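Student: Okay, here's the structure, questions in a sec.
The values are calculated or read from the model by the stated rules, or taken from the named source; none is laboratory data. This is a predicted model, so every value here is computed, not measured. Positions of Cβ are backbone-derived with ideal geometry, glycine not excepted, and every protein chain shown enters the neighbour counts.
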Amino acid sequence: MTLLDPTISPVALLAADTSSRELLDEFSKREIRRAVLTAVAVPGYQVPFASREMPVARGWGSGGLQITLALVGPEDTVKVIDQGEDAGVNAANLRRLIADTTGVDTTTVAGEATIVQTRHRVPEDALGDDQILVLQVPVPEPLRGVERDMTELRRMHAEGDYARMWVSLYEDLVRNGVITQTTGYPCLVGGRYVMATTPIPRWDIPKLHRSAHLSLFGAGREKRIYAVPPHTDVEPLTFDDVPFEVERTEGASCHRCGAGSPDSGVESFLVELPGTEGGRWVCSDTDWCNRRLSSGMVAR
Amino acid sequence: MGYVAARGGTEAIAAAEELVRRSRLNADASWLELDQLTERLRYLNDRVMGEGGLWAPQLAARAIRQAEGDVIEAAHLLRAHRSTLPRLCELIPADADELRPLRRIVPAFREVPGPQLLGRTLDYTGRLLDLGDEDQARAAAAAATAAAARHPEDDPAENAGATEPPFPERLLDVLRRTDLAVDRRRDDDPEPTDISQVAVRPGIGRSAVLSVMARAETGALVNLWYRNILGPDNHLHEVTLGEVRHGELPIRVRHPRTGNPVLLGHLRATEVEAIEDLDGADEDRTRFDVGYGLVAGHNERKAIAMANLDIALHRDHSDSGLEQSVLMTTDGLDASGFLEHLKLPHYVTFRSMIERKQAMRTDRARNERKGRRHHPAPVVTPAAEQAAVPAGEVTP
């Protein structure tokens, strides 16, 4: 198309390619990429962005989806998981949207993906420096439990004033004997900003610490993007004499691949299959578990 | 085993969509035409356009039909559609003095400049369920439609009493002339903020706050108003309404070549001015103040709530959290999207929660063995004792 072509109306020119099925126009992608760059430059800082209306409900991955759509190119391969699972309905829905509107390839194998979009988990496989992890974030503000006023929250982050966060952890410990924070454990990023680790389990937090891959966090409803660049410290907030604890249940192992049993030699994040005569356990990262089974690593 | 067993999410989604599609097409009822919605369910259509932030009656009707009448879902369809469209130009700011009233009431005075014009309203119609005969109603509707087609100039539906220019002066103009109104017109927020292009947060300009309310979920604004009037929040006074208008607002754009204003069309809007008697220590008790509400379509309760909240926010100086409540909690898509995300699988988080419960018990048991108590002993009921199981085995 050229500006001089008389057969094309100015409106059509402005409207650009209306046959495109893409959900984000180039201006929106540019804005999101700029927010991502700012986030990478200031690890753990929540960068406001406009957040477009997506064809998925807010709170259902609209932030992660916008980051993925702004980053994805023809060479990319995308993996989408929810609770560690590729086949979950929400993961399937988002994968379908991404593939249908961008034409990008998809995979379930973490090692084959250039972008992994996830809700609530980090894959068990360590990601490399050519991979980006995109996390869907429902609540980006780690201090909301101790402060609601947004103006005060901005001051606290700006001044690195996390005293009330420490007090709340201390009170928790005194009252309950352990720190009861479950998922989304607050972490100090790069020694500067306290960050909400979405609701990923504590199990996954060491996988963000000084990792080779880039982690991007997208909160569509709350219009914030933040990042953990490669090789950045992600330190869970805890006291010198109170070790940070990840989820472990004594005696639990995956009933399919055996991960977690003493002779398997590996551990993974397990979820429970409750049953009437005691529960069974299974790996939450289904693809990792399947590959262990099919590669014959597991004596059945 | 719930979600874990639900393999093949794509197939499950496709099957659910097929169920929806089939019942939409084959509902044992005639096909729902768009004009049924735009002409006969006007309030519904207007509300979806207002909360969707897009004036497009036909598209709103499609959205309502597709969403099977779910207002927020329909507003979501409109907004998601709009966000894929290119922005071709900016409109010339519309002047609300050009709103051609189809309805206008001034509760503050009996006699006002210009008419008290009831127009098309259900306000004074007894709330008696019409149990009339369907066939007769159908025949009457057909006859009325035919009559209207013969004499379109007599159509009473839209134009009854509609005023022609010059439009009635506002009550606020009278108050200003008689020096009874605080003038808070200001010029420090000249470019209206486009809330679809920025992340609003407390401290943002009034144009953004007004835009947020104009696009807010109707019930959320009404509830915020009511809980302030009746509930514990108490940041609002009951106001006297100066103007309640519903009418047609001309929309113009500047011609890209000549630069002249060009009329694109009209949208209907509801406009409200709420007169407030401010009584704070630092407020001018000798004058009234005024809050402003303007929403797309015919939606008086939303416009009234908006006008009252506008003046409350002005006097609040961002002190009470009301501003944050308005900006961050009144959007229908945000609130319902987040609420409904609870339906998504949460078994990773729940497993982590159970693990902490067990960690607390383990810690407690260890301390009891050592005869120490670092923390208050829990109140253990017989039921809880029964539920106590060894670590690693949790009953569902």
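Student: Could you tell me which of the residues B:LEU309, B:LEU333, B:LEU263, B:LEU327 is in contact with a Pro (Cβ under 7 Å, 6 or more places away or on another chain), buried (at least 19 other Cβ atoms within 10 Å of the Cβ), modelled with pLDDT of 95 or more and not polar (S, T, N, Q)?
Tutor: Of the residues listed, the single one that is in contact with a Pro (Cβ under 7 Å, 6 or more places away or on another chain), buried (at least 19 other Cβ atoms within 10 Å of the Cβ), modelled with pLDDT of 95 or more and not polar (S, T, N, Q) is B:LEU327.
Student: Mind checking which residues of the range B:343-357 are facing chain A (nearest Cβ under 7 Å) and touching a Ser or Thr at 6+ places or on another chain (Cβ under 9 Å)?
Tutor: If the condition is that a residue be facing chain A (nearest Cβ under 7 Å) and touching a Ser or Thr at 6+ places or on another chain (Cβ under 9 Å), then B:TYR347, B:VAL348, B:THR349, B:ARG351, B:SER352, B:MET353, B:GLU355, B:ARG356 are the ones that fit.
Student: In addition: Determine whether A:TYR162 is surrounded by 14 or more Cβ atoms within 10 Å (Cβ to Cβ), away from every other protein chain (no Cβ under 12 Å) and of a type in the set (Ser, Thr, Tyr).
Tutor: Answer is yes for this residue.
Student: So A:VAL174 fits all but one of (1) of a type in the set (A, V, I, L, M, F, W, C); (2) surrounded by fewer than 21 Cβ atoms within 10 Å (Cβ to Cβ); (3) away from chain B (no Cβ under 14 Å); what number is the exception?
Tutor: Only one criterion in (1) of a type in the set (A, V, I, L, M, F, W, C); (2) surrounded by fewer than 21 Cβ atoms within 10 Å (Cβ to Cβ); (3) away from chain B (no Cβ under 14 Å) is unmet by A:VAL174, namely (3).
Student: Let me ask something else about it. Look through B:GLU340, B:GLU283, B:GLU238 and report the one residue that is within 13 Å of chain A (Cβ to nearest Cβ), charged (D, E, K, R) and outside any strand (DSSP E or B).
Tutor: B:GLU340
Student: What pairs come up if the first residue lies in the range A:215-237 and is more than 13 Å from A:THR197 (Cα to Cα), the second is among the hydroxyl-bearing types (Ser, Thr, Tyr), and their beta carbons are under 7 Å apart, counting only those six or more places apart or on different chains?
Tutor: A:GLY220/A:SER51; A:GLY220/A:SER62; A:ARG221/A:SER62; A:LYS223/A:SER51; A:PRO230/A:SER211
Student: Cβ-Cβ below 6 Å, separation at least six or inter-chain, first residue in the range A:82-102 and closer than 15 Å to A:TRP60 by Cα, second of a type in the set (S, T, N, Q) and surrounded by fewer than 21 Cβ atoms within 10 Å (Cβ to Cβ): which pairs?
Tutor: Matching pairs, first to second residue: A:ALA92/B:THR10; A:ARG95/A:THR106.
Student: So, one more: Among the residues of the range B:45-76, write down those that are within 17 Å of B:SER23 (Cα to Cα) and part of a loop (DSSP other than H, G, I, E, B).
Tutor: Result: B:ALA67, B:GLU68, B:GLY69, B:ASP70.
Student: Let me spell it out: the conditions are (1) under 20 Å from the mean Cα position of the chain (by Cα); (2) in a helix (DSSP H, G or I); (3) not hydrophobic (A, V, I, L, M, F, W, C), and B:ARG21 meets all of them except one. Which number is the exception?
Tutor: Of the numbered conditions (1) under 20 Å from the mean Cα position of the chain (by Cα); (2) in a helix (DSSP H, G or I); (3) not hydrophobic (A, V, I, L, M, F, W, C), the odd one out for B:ARG21 is (1).
Student: Also: Looking at the range A:76-95 only, could you name the residues that are within 11 Å of chain B (Cβ to nearest Cβ) and in a loop (DSSP other than H, G, I, E, B)?
Tutor: Hits for the range A:76-95 are A:GLN83, A:GLY84, A:ASP86, A:ALA87, A:GLY88.
Student: Listed residues B:ARG87, B:ARG79; which is closer than 26 Å to B:GLU217 by Cα and part of a loop (DSSP other than H, G, I, E, B)?
Tutor: The conditions single out B:ARG87.
So that you can scan it fast, the table gives a plain yes or no per residue for (1) surrounded by fewer than 18 Cβ atoms within 10 Å (Cβ to Cβ); (2) under 24 Å from A:TYR193 (Cα atoms); (3) polar (S, T, N, Q); (4) not assigned by TED's automatic domain parsing to the domain that holds A:ALA70:
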site	(1), (2), (3), (4)
A:ALA92	no, no, no, no
A:VAL104	no, no, no, no
A:THR114	no, no, yes, no
A:ASP129	yes, yes, no, no
A:LEU133	no, yes, no, no
A:GLN136	no, yes, yes, no
A:VAL139	yes, yes, no, no
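Student: Residues that are assigned by TED's automatic domain parsing to the domain that holds A:ALA50 and acidic (Asp, Glu): which strands (runs of 3 or more DSSP E) entirely in the range A:184-300 hold 2 or more of them?
Tutor: none
Student: Output yes when any residue across the range A:52-75 is over 24 Å from A:ASP105 (Cα atoms), outside any loop (DSSP other than H, G, I, E, B) and either at pLDDT below 90 or within 12 Å of chain B (Cβ to nearest Cβ) (or both), and no when none is.
Tutor: Scanning the range A:52-75, I find no residue that is over 24 Å from A:ASP105 (Cα atoms), outside any loop (DSSP other than H, G, I, E, B) and either at pLDDT below 90 or within 12 Å of chain B (Cβ to nearest Cβ) (or both), so the answer is no.
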